[in-house]
1. Regarding Ser12, is this residue open to solvent by 80 Å² or more (accessible area, probe 1.4 Å) and of a type in the set (Gly, Ala, Ser)?
2. State all residues of region 43-61 that are touching a strand residue (DSSP E or B) at 6+ places or on another chain (Cβ under 8 Å) and buried (at least 17 other Cβ atoms within 10 Å of the Cβ); if no residue qualifies, say none.
3. Is there a residue in region 66-77 that is open to solvent by less than 40 Å² (accessible area, probe 1.4 Å) and farther than 21 Å from Leu154 by Cα?
4. Output the number of the condition that Glu32 fails; it satisfies all remaining conditions of (1) free of Cβ contacts under 8 Å to residues at least 12 places away in the same chain; (2) within 20 Å of Pro15 (Cα to Cα); (3) surrounded by 14 or more Cβ atoms within 10 Å (Cβ to Cβ).
5. Any idea which of (1) out of contact with any Lys or Arg (no Cβ under 9 Å at 6 or more places or on another chain); (2) surrounded by fewer than 18 Cβ atoms within 10 Å (Cβ to Cβ) is the one Gly102 doesn't satisfy?
6. Being among the charged types (D, E, K, R) and over 17 Å from the mean Cα position of the chain (by Cα) is the filter; apply it to region 126-156 and report the residue that is farthest from Glu90 (Cα to Cα).
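The values are calculated or read from the model by the stated rules, or taken from the named source; none is laboratory data. Values in this document were obtained by computation on a predicted structure and should not be read as measured data. Note that each Cβ is placed from the backbone with ideal geometry, even for glycine, and that neighbours are counted across all protein chains shown. Only protein heavy atoms, including side chains, enter the accessible area calculation; ligands, DNA and RNA are left aside. Shrake-Rupley method; radii C 1.70, N 1.55, O 1.52, S 1.80 Å.
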Amino acid sequence: MSNPTFFDCWASYGPRPGKDPDARWTLAELLEDMGLYGIRAALVRHEQGLHYDAMFTNRRLLAEIASQRERLHPCWTVMPHQTGEFPEPESLGRQLGEAGVGAVLMAPQAHGYPVHGDVLSPLCEMLNERQVLVLATLGDLANDYGTAVTFCRLLRDCPVVL
């Protein structure tokens, strides 16, 4: 294989708390790094989705990558709707479809919600219906095997990357 095609499924850009001020975090730097390493395309999320208003940041992501959509595929940060900080699943599903977003990041630990069907079932059912790619870290699943199993079972029809 002389010219393999690389697709990064865990790319992000943007400032976050505690990030080294000299670290490369801008969108332009992400694109430069992708070129340097021969990465043709990437699933990309905005780091502020973990630390600020996630829906605002999701919309910002779409605006910022609009000119690069052939290379950058948006990954939204999502969370349950029960606190009123996030759209109800039906509305969120419509927005994902309208924006052409096929992947989401879920961060239970960072956003402070439990991995439990009472909280996550409405969101997970919507994601299951659409078979959305779901990303999460083991750290956000409390580094616990049982929690990871529960998470994956709730998302039974979705591909999940941990």
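1. So Ser12 does not fit the description; no.
2. Leu43, Val44, Arg45, His46, Glu47, Gly49, Leu50, Ala54, Thr57, Asn58, Leu61
3. Here is the first cut: in region 66-77, the ones open to solvent by less than 40 Å² (accessible area, probe 1.4 Å) are 72, 74-77.
Pick out the ones that are also farther than 21 Å from Leu154 by Cα and you get 72, 74.
There is at least one residue in region 66-77 that is open to solvent by less than 40 Å² (accessible area, probe 1.4 Å) and farther than 21 Å from Leu154 by Cα.
4. Status for Glu32: all satisfied but (3).
5. Tallying (1) out of contact with any Lys or Arg (no Cβ under 9 Å at 6 or more places or on another chain); (2) surrounded by fewer than 18 Cβ atoms within 10 Å (Cβ to Cβ), Gly102 fails exactly one: (1).
6. Asp144
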